[in-house]
Amino acid sequence: MGKVIQFPTPKKRKGSTSRRPAHRRIKYFTREEIRMIRRKVRSLSDLHLQRGNTTAVREWMMIDILSSSGLRVSEVADLRCGDLRIGYGASSLFVRNGKGGKERVVQIPGSLKIHLKKFLSWKKDRREPTGSDDHLLIGQRGPISAQGIQQIVKKHLKNLGLYEPGKSAHAFRHSYGLEHYRKNRCLRGLQLQLGHASIEPTTIYADLTD
């Protein structure tokens, strides 16, 4: 009886899969694009403030939070006035209902803290409710939803010629993550800031930087 010869199974070549690495699939804005978006919306806000219009004032607050904190769109929509920890010596936002229902505290830069203080004062001058459980961002029909934020961002991106499918409000979170890692080189700190359950999704930003 002859021997049965078993040939080794050919190994798959590295990179032979058609699926791209995660860090090449995510959408984010460049530093220049972030500056362009912020500059444009802030200019509109200043103009609307002079004219007594409220739309761009709220939209600038929204864009500033998205680009300066790394919060998810749903987390921005759910922010309450009482979630702002911007008193003396404090510069953070409390996320009461993050992904998976988890809470966390997100550190924010001094520029956003100043903006939030001015925005709260503006709301009080307009006699808008600013209680602990009152939503920070409201529109004519009540609290602005996550879908509403997506549409507002899409509008500004189209006006600036930056819109492309899949690159919308969530891209601010990726842009923040990338910039945070560039500056601090600390995956653990970024994981806590973004609210990732594990370190694995956070490593995308290290791959992007490399």
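Note on Leu49 and Gln150: the model spin-label points, each 7 Å out from Cα along the C-beta direction, lie 3.1 nm apart.
Once you have a ≥ b ≥ c as the square roots of the Cα gyration tensor eigenvalues for segment 129-210, tell me rounded if a/c is under 1.5, and otherwise prolate or oblate according to whether a/b is larger than b/c.
oblate
For the residue pairs Lys102/Lys123; Lys113/Lys158; Lys124/Lys167; Lys117/Lys167, the C-alpha atoms sit more than 32 angstrom apart in Lys124/Lys167. Normalised by the number of residues in segment 159-210, what is the relative contact order in percent for Cα pairs under 8 Å and 6+ residues apart? Relative contact order here is 33 percent. With 0.36 nm allotted per residue and the present C-alpha distance subtracted, the Asp133-Lys102 stretch has 9.4 nm of extension available. List the aspartates and glutamates whose Cα sits under 16 Å from the Cα of Lys183, skipping any in the same chain fewer than 8 residues away. The reachable aspartates and glutamates, counting only those whose Cα sits under 16 Å from Lys183, are Asp207, Asp210. Excluding residues fewer than 8 places away in the same chain, name every one of the aspartates and glutamates whose C-alpha is closer than 13 Å to that of Lys99. Within the straight-line limit of under 13 Å, Lys99 reaches these aspartates and glutamates: Glu75, Asp78. Only helices enter the 222 nm calculation for the chain: every DSSP H run of n ≥ 4 contributes -39,500 (n - 2.57), and dividing by all residues gives -15500 deg cm²/dmol, rounded to 500.
Couplings 3J(HN,Hα) of segment 149-154, computed from phi: 4, 4, 5, 5, 4, 4 Hz, in residue order, whole Hz [Karplus 6.51 cos²θ - 1.76 cosθ + 1.60, θ = phi - 60°; x for Gly and Pro].
These residues, Ile138, Ile114, go from largest to smallest accessible area, 1.4 Å probe, as Ile114, Ile138.
Indicate the gyration tensor shape class of segment 77-140 (rounded, prolate or oblate), computed on the Cα atoms with a ≥ b ≥ c the square roots of the eigenvalues: a/c under 1.5 is rounded; otherwise a/b larger than b/c is prolate and the rest oblate.
oblate
Annotation: for a label point projected 7 angstrom from Cα along Cα→Cβ of Arg38, residues of segment 167-192 with backbone N closer than 12 Å are 176, 179-180. Here the contact order of the chain, divided by its residue count and restricted to Cα pairs under 8 Å and six or more residues apart, works out to 25 percent. When only alpha carbons of the chain are considered, Rg and Dmax amount to 21.5, 96 Å. Put simply, the amide H of Gly139, placed in the peptide plane, has neighbours under 5 Å in Ile144, leaving out anything fewer than 5 places away on its chain.
When the charge dipole of the chain is built from unit charges on Cβ atoms (+1 for Lys and Arg, -1 for Asp and Glu) and taken about the Cα centre, the candidate among Gly52, Leu162, Phe94 whose Cα reaches farthest toward its positive end is Leu162.
For segment 175-204, applying the loop criterion from DSSP together with a ceiling of 12 other beta carbons within 10 Å to the trypsin sites (Lys or Arg not before Pro) yields Arg185.
The values are calculated or read from the model by the stated rules, or taken from the named source; none is laboratory data. Please read all numbers here as calculations on a predicted model, not as lab measurements. Virtual Cβ from ideal backbone geometry, glycine too; neighbours counted across all protein chains shown. SASA here: full protein model, heavy atoms, side chains in, ligands and nucleic acids out. Shrake-Rupley method; radii C 1.70, N 1.55, O 1.52, S 1.80 Å.
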